[in-house]
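The values are calculated or read from the model by the stated rules, or taken from the named source; none is laboratory data. Note that the coordinates shown come from a computational prediction; the quantities given were computed from them, not determined experimentally. Note that we place each Cβ from the backbone using ideal geometry, even for glycine, and neighbour counts take in every protein chain shown.
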């Protein structure tokens, strides 16, 4: 099987992974049921995980490992959970990818591994304060395409917010792989962030404060 990452990209990623701090665990969820990109997604994360001894990987099937899928709220594939690892314990920060993180989204995958490894969201003090005050759960779905250069900014911001509080779960959703979901949320351009199944919407890669305001409006707080 031909490799997906060439030597030049592998070297670049290895250099980035020099800054990894705490261990990271990637959970891959595939499916035997007509999942066009599952094989490529699995190969991609296997190649990425091999570039640092601080990254481990476990592989699951949506059907045969249904209980594990439910535990991590995985309902479609391919899916990735980027989690922390402390000894044998997996720490779920709510960071999700649905669809292959290819093209520009490969950057999001690598940055998320660094983010989770650092165990810190990197958000501003005011944003941290607001997120810690959340009383109800927030689900962010960031719709992207691999050719969108602005999408990684929106994905990383959503994942930073998930890192900050267990009240937030944030998904990258590859719009072309899940067209029915994209249509349901009237996604016509990317990045498009859906808040709590349509209670709020943000189109474009917006600054941190703008996403906070959109979450406030969606929650009416």
| note | The condition from (1) more than 19 Å from residue 194 (Cα to Cα); (2) under 15 Å from the mean Cα position of the chain (by Cα) that residue 128 misses is numbered (2)
| said: Looking only at residues that are surrounded by 11 or more Cβ atoms within 10 Å (Cβ to Cβ) and in a helix (DSSP H, G or I) in region 2-20, which one is farthest from the chain's Cα centre (by Cα)? | reply: 11
| request: With the condition kept exactly as written, say whether any residue in region 109-118 is surrounded by fewer than 20 Cβ atoms within 10 Å (Cβ to Cβ) and under 11 Å from the mean Cα position of the chain (by Cα). | output: yes
| query | Is there a residue being under 15 Å from the mean Cα position of the chain (by Cα) and over 23 Å from residue 125 (Cβ atoms) anywhere in region 203-212? | reply | no
| task | Report yes if some residue within region 22-35 is surrounded by 11 or more Cβ atoms within 10 Å (Cβ to Cβ) and part of a helix (DSSP H, G or I); otherwise report no. | result | no
| request: Take residue 174 and decide whether it is closer than 22 Å to residue 41 by Cα and either at pLDDT 95 or above or surrounded by 13 or more Cβ atoms within 10 Å (Cβ to Cβ) (or both). | output: yes
| query | Of the residues 117, 77, 56, 121, which single one is touching a helix residue (DSSP H, G or I) at 6+ places or on another chain (Cβ under 9 Å) and under 27 Å from residue 184 (Cα atoms)? | reply | 77
| request: Considering only region 122-221, give the strands (runs of 3 or more DSSP E) lying wholly within it that have at least 2 residues that are in contact (Cβ under 8 Å) with a residue 24 or more places away in the chain and either within 17 Å of residue 106 (Cα to Cα) or in the same structural domain as residue 98 (by TED's automatic domain parsing) (or both). | output: 138-144, 168-174
| note | Checking 70, 42 in turn, the sole residue that is out of contact with any helix residue (DSSP H, G or I) (no Cβ under 7 Å at 6 or more places or on another chain), touching a residue at least 24 places away in the same chain (Cβ under 8 Å) and not in a strand (DSSP E or B) turns out to be 42
| said: Restricting to region 76-102, name every residue that is in a loop (DSSP other than H, G, I, E, B) and in contact with a strand residue (DSSP E or B) (Cβ under 9 Å, 6 or more places away or on another chain). | reply: 76, 77, 78, 92, 93, 94, 99, 100, 101, 102
| Flag if residue 99 is at positive phi and touching a helix residue (DSSP H, G or I) at 6+ places or on another chain (Cβ under 6 Å) | no
| query | On the given criteria, is residue 60 in contact with a strand residue (DSSP E or B) (Cβ under 7 Å, 6 or more places away or on another chain), crowded, with 21+ Cβ neighbours inside 10 Å and assigned to a loop (DSSP other than H, G, I, E, B)? | reply | no
